Each structure stands twice: as structure tokens, then as C-alpha cells.
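> One structure is given below, represented as C-alpha cells, and several questions about it will come after.
The values are calculated or read from the model by the stated rules, or taken from the named source; none is laboratory data. This is a predicted model, so every value here is computed, not measured. Positions of Cβ are backbone-derived with ideal geometry, glycine not excepted, and every protein chain shown enters the neighbour counts. Quick note on the areas: whole protein, heavy atoms, side chains included, nothing else; ligands and nucleic acids left out. Shrake-Rupley method; radii C 1.70, N 1.55, O 1.52, S 1.80 Å.
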Amino acid sequence: MNQVATYAQQLQTLVILYLPRVLMAGVALVVGWWIIGRVSRLIGTATSRLDVSLSSFLRSLVNIVLKVMLLITVAGMVGFETTSFVAVLGAAGLAVGLALQGTLANFAGGVLILIFKPYVVGDTIESQGKSGEVKEIQIFNTILVTSQGDTIILPNGATSNNVIVNKTAQNKALVEIVAEVDNATNLDDLRGWAIPLMQADEQVLAAPAPQVVVTGLKPGGMTVAFRAYTAAGHNGGAQGRLIEQLQRDLARQGVGSPVPVQHSYVRTLPE
């Protein structure tokens, strides 16, 4: 009986000692869970103007972090030793971070791209030697589609840390057609018919105006560039039409190709 009384006394002591802690921890857990839900909804509202993917990700990230902190706090209120738990959690986080450092770099790059918007869905970009139209910006990758129908997946980490050429940010694209003509070509006459020809194309913009410029000299001829701007995404079709028209009219106007030049040297040997 004495042993039973001892156990009863110990149980009473434990109840008196831990029951208030458990009740307080339960209240803290319920209230904290409710507050975290409210905070998550506020973050969702505050980030509603951002990209949908970024808004959803930030809301989930904050929700998970706050819940982990709440559970650790509640465990400490009950009386569990949380120091070792936090140390184990930190070590596990470090190990996972080292193992997934490439993925984390892609994630960080994706967040930067979504925030600073060097390009958006629908832009045509060139990065890491690849070019195409942006179809989707994910947290870890950017999806491009080329004019040949190929799908290119660019890791966001490397993309955000490299040069990005956005070909549609200015809403215009350059069409440049290069030809070699002979030195006898009259540049004023060439501009007189070539510029109106380019202006007549329905996809060529009036400003900046088309140009005909000399870009290089060579023996017997020169290199001439016919330049015009179109709206973004329309340069391919305009370039094909202008190449055909310029080739036809160059022949019609009698503009010849460079004439090969040969130099002969005569050396007289002493007798």
C-alpha cells in the first residue's frame, strides 16, 4: 500500500507540475496555428500582384517556417529539451543544403527572375547560347520554345548569373541583310530605290527608318547592309521577303558583285 501511495503522490506531483504547462502549450498551439493561417492569407493578399508562382511559393515557405517554429516553442513550453532538437534540425538543414546547392541556386535565381523580371512569358531571349520564346518561368527552370519547335530548359541559377539578351523588351527587332557589291555602285542611287523598297513592306516600322550603310571594304568591292526594324516577332517573315525583293532588284538595277582583283609581281633576277 505504501508503494501505491508513493506512486499516487508522484502522479499528483507530475499533474500539478505539468498540467498547467500542457494547457498553456495547447492554447499556444491553437492560437499560434490560427495566427499563422491569418499571416499566410495576408501574405497571399500582399503578394497577389506578383507572379502567381512566386506568390504561392512565398506563402507556402512562410507557412512552413512559422509552423516549425511554433512546434519547437510548444515543445519547450511542455518541458522538452529543444536545444538538441534545434541542433539536429540545423545539421540536417546544412546537409540537405550542401547536397542540393545546385537546386538551391536555381531556386534563388528563379526568385530573382520573378522579382526583377529581366524577361516575362512571351519574350524572346538569348542566354547561355540558346535562343527562343519564353513559355514558362518556373521556380527552378525557364522553359523556351525555339522557332523550330524545340523545347529548351534553362536552369534559373545559371541564367540569372549570365548575360540575358531580351530581343523583345524594346518591342522591335532588327532585320539586317548583308550583300557585297562592286566599287562602281552609286550609293545614292542604291539608297534611292532600296529604302523605299524596305519601307513598302507592311511589317517594317517607320521609325527607326530603314538604312543602307557600308560596313566593310574589300579589293574590288564593298559590303553593304540593308537595315530595317519590325515589331518584335515579325522579323523572320520580313527578312525572307526583303531578301527575295533585294536580290531581284539588285539584278534589275545592274548592281554587280565585287570583281576579283589579282596582283602580279615581276621580279628580275640579276645575271
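> Relative contact order for region 97-205 using alpha-carbon pairs under 8 Å, separation at least 6, rounded to a whole percent?
Numbers: 138 pairs, mean separation 25.3, N = 109.
Value for region 97-205: 23 percent.
> Under 18 Å Cα to Cα from K218, which lysines show up? Leave out anything in the same chain fewer than 8 places away.
Leaving aside lysines fewer than 8 places away in the same chain, none come within reach of K218.
> Carbon and sulfur atoms: what percent of the 1.4 Å accessible area of region 102-249 do they account for?
Ligands and nucleic acids excluded, carbon and sulfur reach 52 percent.
> Another question, if that's okay. Under a 5 Å amide H to amide H cut-off, with H placed in plane at 1.01 Å, what residues pair with I152 once short-range neighbours are removed?
Placed amide hydrogens put L144, V145, T146 under 5 Å from I152.
> Just to check I understand the Karplus step: with θ = phi - 60° and J = 6.51 cos²θ - 1.76 cosθ + 1.60, what whole-Hz values come out for region 28-43, glycine and proline as x?
4, 5, 5, 5, x, 4, 5, 5, 4, x, 5, 4, 4, 5, 5, 5
> For the pair I64/F140, report the inter-label distance in nm, with labels modelled 7 Å from Cα in the Cβ direction.
In this crude label model, I64 to F140 measures out at 1.2 nm.
> Can you list residues whose amide H is under 5 Å from G221's amide H, if they're 5+ apart or on another chain and H is modeled 1.01 Å from N?
Under 5 Å from the amide H of G221 lie the amide H atoms of N183, each far enough along the sequence or on another chain.
> Explain nothing, just compute: Karplus ³J(HN,Hα) = 6.51 cos²θ - 1.76 cosθ + 1.60, θ = phi - 60°, for every residue of region 213-229 in order, whole Hz, x for Gly and Pro.
10, 8, 10, x, 10, 8, x, x, x, 8, 9, 10, 10, 9, 10, 8, 10
> Let me ask another. What lysines does K130 reach when the alpha-carbon gap must be under 16 Å and sequence neighbours fewer than 8 apart in one chain are set aside?
Output for K130: K167.
> Q138's amide H: which non-local residues (gap 5+, or another chain) put their own amide H closer than 5 Å, with H modeled 1.01 Å from N in plane and none for Pro or chain starts?
I143
> Leaving out ligands and nucleic acids, note down the accessible area per residue over region 95-239 with a 1.4 angstrom probe, in whole Å².
The answer is 53 Å² per residue.
> On to the next question. Over all directions, average the projected area of the Cα convex hull of region 170-209 and note it in nm².
Numbers: hull surface 14.0 nm².
Projected area, direction-averaged: 3.5 nm².
> Decide, for region 151-228, between rounded, prolate and oblate: order the square roots of the alpha carbon gyration tensor eigenvalues as a ≥ b ≥ c, take rounded if a/c falls under 1.5, and otherwise choose prolate if a/b is larger than b/c, else oblate. Show your work: numbers first, answer last.
Working: a/c = 3.81, a/b = 1.84, b/c = 2.06.
Oblate, because a/c is 1.5 or more while a/b does not exceed b/c.
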